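Just below is one structure, and these are the notes that go with it.
The values are calculated or read from the model by the stated rules, or taken from the named source; none is laboratory data. Predicted, not measured: the structure shown is a model, and the values here were computed from it. No Cβ is skipped: glycine too gets one built from the backbone with ideal geometry, and neighbour counts run over all protein chains shown. To get the accessible areas, we keep the full protein, side chains included, count just its heavy atoms, and leave off ligands, DNA and RNA. Shrake-Rupley method; radii C 1.70, N 1.55, O 1.52, S 1.80 Å.
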Amino acid sequence: HKWQSRRKMLTPTFHFKILEHFLEVFAEKSQVLVRNLQKNLGCASVDMFKYVTMCTLDIICETAMGTEVNAQDQENESEYVKSVLE
């Protein structure tokens with residue numbers, strides 16, 4: 001019963017019409033992700049966790065909280081990002 005009521009409350013949040021408003025942010029942050037991954041071309045292996053985590057953090061902070069943290073570009077400079085990683 002709890003799950004159903006919570007699902008009904010959350011489902012509209014992820015409707016494609018609402019997500020369309022964030023496409024620009026998704027595209028911008030994805031381009032930063034690609035740029036950062038390109039620095040690893042030629043490497044035998046790459047730990048994707050850090051890159052995907054920072055991209056996700058950038059997208060969530062900007063779309064859900066309305067603030068830019070630039071986690072992908074300022075990973076070691078932001079106290080918030082350091083706290084998330086810890």
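With Kirkwood radius over Cα pairs in Å as the read-out, I listed [x] 14.7; [y] 19.1; [z] 13.0; which label goes with the value calculated from this structure? After the calculation, the listed value that fits is [x].
Atom-type composition of the exposed protein surface of segment 14-86 places 57 percent of the accessible area on carbon and sulfur (1.4 angstrom probe).
What you get for the chain, charging only the Cβ of Lys and Arg (+1) and of Asp and Glu (-1), is a dipole of about 640 debye around the Cα centre. Straight-line cross-link partners of Lys29 among the lysines, defined as a Cα under 17 Å from its Cα and at least 8 positions apart when in the same chain: Lys39, Lys50. Surface exposure of the chain, expressed per residue as accessible area with a 1.4 Å probe, stands at 79 Å².
Can you list the DSSP H helices in the chain whose Cα atoms extend at least 15 Å along the helix axis and whose mean Kyte-Doolittle hydropathy is -0.5 or higher?
Numbers: long enough: 23-38 (22 Å, 0.12); 48-64 (23 Å, 0.95).
Flagged H segments are 23-38, 48-64.
Working note: 222 nm ellipticity from helices only, DSSP H runs with n ≥ 4, each -39,500 (n - 2.57), summed and divided by the residues of the chain, gives -18500 deg cm²/dmol to the nearest 500. Look at the dipole of segment 1-76 built from charges on Cβ: of Ala64, Gln31, His15, the Cα furthest out on the positive end belongs to His15. The heavy atoms of Arg7 present about 130 square angstrom of accessible area, all protein chains included, probe 1.4 Å.
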